[in-house]
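Please read the structure below before turning to the comments.
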Amino acid sequence: MAHTSSEILEGLAEIVAEETGLPTDAVVPEKSFTDDLDIDSLSMMTIVTHAEDKFGVRIPDDEVKNLTTVGDAVKYIEGAQS
Amino acid sequence: MTAPATRDVVVTGLGATTPLGGDAPSTWAAALAGESGARTMDNDWSEKYGIPVTFAATIKEDPSEKLSRPETKRMDPSTQYAMIAAREAWQDAGAPEVDGERLGAVVSSGIGGIWTTLDGWDTLRERGARRVLPMTVPMLMPNSPAAYVSLELGAQAGAHALVSACASGAEAIGYGLDMIRAGRADVVVCGGTEATIHPMPIAAFAASRTLSLRNDDPQGASRPYDVDRDGFVIGEGAAVVVLESAEHAAARGARVYAKIAGVGLSADAYHITSPDPEGKGQVAAMRRSLADAGVTGADVVHVNAHATSTKVGDLTETRSIRTVLGEDTDHVRLSATKSMTGHLLGGAGALEALFTIKAVHERLAPPTINVVTPDPELQVPLVRDEPATLPDGDIAAVNNSFGFGGHNVALTVTNA
């Protein structure tokens, strides 16, 4: 069953909150992972690992660098669901 | 080139999280009260894997009580314990104002992040490489506790993790002493940590026949110097002390617990696990430590023994003490605090140094519990059941720590 974009956002926010200690409501689509949420590359890869697991998708390393904002990640995951 | 003039080094902060308590004061109070930190483990490892030991000296306070959620996810338990102890020690020292380039961090673990290592391997086998977490390496590396403490405090004079099995925590303090004496730092946060209560290391220690199997009486299992001792009780936790040059401490009016007056190091070069039966390495470490401290046997009133509750190790050490101190042994008060804490492996030397510092500061040697029938070959007066008062005036105490591999570390503590 595919997840809706709001379910993906909610799930992603939980993953980011676990990793960073930020409140889940700080994780909104327009926020940049690096500039706004202060997430370094190792944390970003940790988030990707958990997100792949949670949503049953594959996010190739080449794609990760294109995921600037939370919204980018939600959109990519939504599209990657089969 | 000659070494710089020796600088006195004092202890200004203490921190711990142990099987006896979630901080240094509660740990010390429980030790004076003769409590045991051993308990039956809440797991199915015995049924599931056939592990013959069902108890351990597990940490008293869950680290998540004091750490943020991301910290518990990013740090191996061994680092978590070290961070809790280091933060406490730092606050206890009054969070000194010190230039980062004059501040060091020396925090050892005997084994490293073994939970992370084995969890990573489990994940790889069960779920494949894509699920192994990116933080695995910085979490499992044995220098991780030292690195995180250095990050936390901005310690730029150096971050070090000396590894010498069960002597690691004491060696860390010895190294901190050397850093200050050599003029490379004014303040060094140092100690030891361990988190190995995982089924694999327990199975491995059990395989080497060094663990107590007294499953029906966990609290009575660690009994150094009792004739019925049958091995050590595995423990976990951390202890950290803040060392400071006496000059630096005096300049800021810091409260001083005691001096770390000397360190003696040696290696047995005899056997990978058994101590040299003649105790030559132990004797050398103690002699070097006393000489380094500039004290004699007449000054030594207390020894915190390595004493793990194994048949051979405990007696070898008491013979070594008598070899070093001769007739002065008779006025020593010997404490074997592993009877209460279990064996914290890489954390043990630091926790026992902390106990030795407190003993000198409060003039009170902690008890040795579970000694029902003292081994007739015990050659040193033992503090049993109740704490023993130490004399007034200038005193010295020695903390011995020995590790698999033949590592011997003796720290000499004197009153401030």
* To do: Say whether the condition of being in contact with a Phe, Trp or Tyr (Cβ under 7 Å, 6 or more places away or on another chain), in a strand (DSSP E or B) and within 30 Å of B:MET41 (Cβ to Cβ) is met by at least one residue in the stretch B:193-205.
  => yes
* To do: Could you please let me know if B:THR273 is surrounded by fewer than 24 Cβ atoms within 10 Å (Cβ to Cβ) and under 20 Å from the mean Cα position of the chain (by Cα)?
  => yes
* Asked: Taking into account only those residues within the stretch B:100-157 that are of a type in the set (S, T, N, Q), away from chain A (no Cβ under 14 Å) and free of Cβ contacts under 8 Å to residues at least 60 places away in the same chain, which is farthest from B:GLY183 (Cα to Cα)?
  -> B:THR117
* Pick from the stretch A:15-28 the residues that are assigned to a helix (DSSP H, G or I) and within 14 Å of another protein chain (Cβ to nearest Cβ): which of them is nearest to A:ASP53 (Cα to Cα)? -> A:ILE15
* Scan (1) farther than 24 Å from B:MET75 by Cβ; (2) modelled with pLDDT under 95; (3) surrounded by 14 or more Cβ atoms within 10 Å (Cβ to Cβ) for the single condition A:MET1 breaks and write down its number. => (3)
* Given the structure, is A:LEU12 under 11 Å from the mean Cα position of the chain (by Cα), touching a residue at least 24 places away in the same chain (Cβ under 8 Å) and not in a helix (DSSP H, G or I)? -> no
* Please work out if B:ASP76 is loosely packed, with under 15 Cβ neighbours inside 10 Å, among the acidic types (Asp, Glu) and within 30 Å of B:LEU133 (Cα to Cα). => no
* Asked: Of the residues that sit in the stretch B:176-192 and are assigned to a helix (DSSP H, G or I) and in contact with a Leu (Cβ under 7 Å, 6 or more places away or on another chain), which one is farthest from B:THR58 (Cα to Cα)?
  -> B:ILE180
* Structure fact -> Scanning the stretch B:11-57 for residues that are among the hydroxyl-bearing types (Ser, Thr, Tyr) and under 20 Å from the mean Cα position of the chain (by Cα), the one farthest from B:LEU67 (Cα to Cα) turns out to be B:SER36
* Scan of the stretch A:45-64 for residues that are more than 10 Å from every other protein chain (Cβ to nearest Cβ) and over 19 Å from A:THR4 (Cβ atoms), ordered by number -> A:PRO60, A:ASP61, A:ASP62, A:GLU63, A:VAL64
* Structure fact -> Within the stretch B:216-262, residues surrounded by 24 or more Cβ atoms within 10 Å (Cβ to Cβ) and among the β-branched types (Val, Ile, Thr) come out as B:VAL233, B:ILE234, B:VAL240, B:VAL241, B:VAL242, B:ILE260
* Structure fact -> Screening B:LEU290, B:LEU325, B:LEU344 for residues that are touching a Leu at 6+ places or on another chain (Cβ under 7 Å) and modelled with pLDDT of 95 or more leaves only B:LEU344
* Asked: So, in the stretch B:155-207, of the ones that are charged (D, E, K, R) and touching a helix residue (DSSP H, G or I) at 6+ places or on another chain (Cβ under 6 Å), which residue ends up nearest to B:GLY237 (Cα to Cα)?
  -> B:GLU194
* Any residue in the stretch B:84-98 that is loosely packed, with under 15 Cβ neighbours inside 10 Å and of a type in the set (A, V, I, L, M, F, W, C)? -> yes
* Taking the condition of a type outside the set (Val, Ile, Thr), surrounded by 24 or more Cβ atoms within 10 Å (Cβ to Cβ) and in contact with a Phe, Trp or Tyr (Cβ under 6 Å, 6 or more places away or on another chain), does B:HIS361 pass? -> no
* In the stretch B:234-260, what count of residues is obtained for those that are small (Gly, Ala, Ser) and closer than 20 Å to B:PHE402 by Cβ? -> 4
* **Looking only at the stretch A:29-44, and only at residues there that are within 17 Å of B:ARG131 (Cα to Cα) and of a type outside the set (S, T, N, Q), the one that is nearest to the other protein chains (Cβ to nearest Cβ)** => A:LEU42
* Which numbered condition B:LEU20 misses (of (1) of a type in the set (A, V, I, L, M); (2) within 21 Å of B:LEU354 (Cα to Cα); (3) not in a loop (DSSP other than H, G, I, E, B)) -> (3)
* Asked: When the residues of the stretch B:46-73 are filtered to those that are of a type in the set (A, V, I, L, M, F, W, C) and within 30 Å of A:GLU19 (Cα to Cα), which remaining residue is farthest from the other protein chains (Cβ to nearest Cβ)?
  -> B:ILE59
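The values are calculated or read from the model by the stated rules, or taken from the named source; none is laboratory data. All figures in this text were calculated on a predicted structure; none of them were measured in a lab. With ideal geometry, Cβ positions are generated from the backbone for all residues, glycine too; neighbour counts draw on all protein chains shown.
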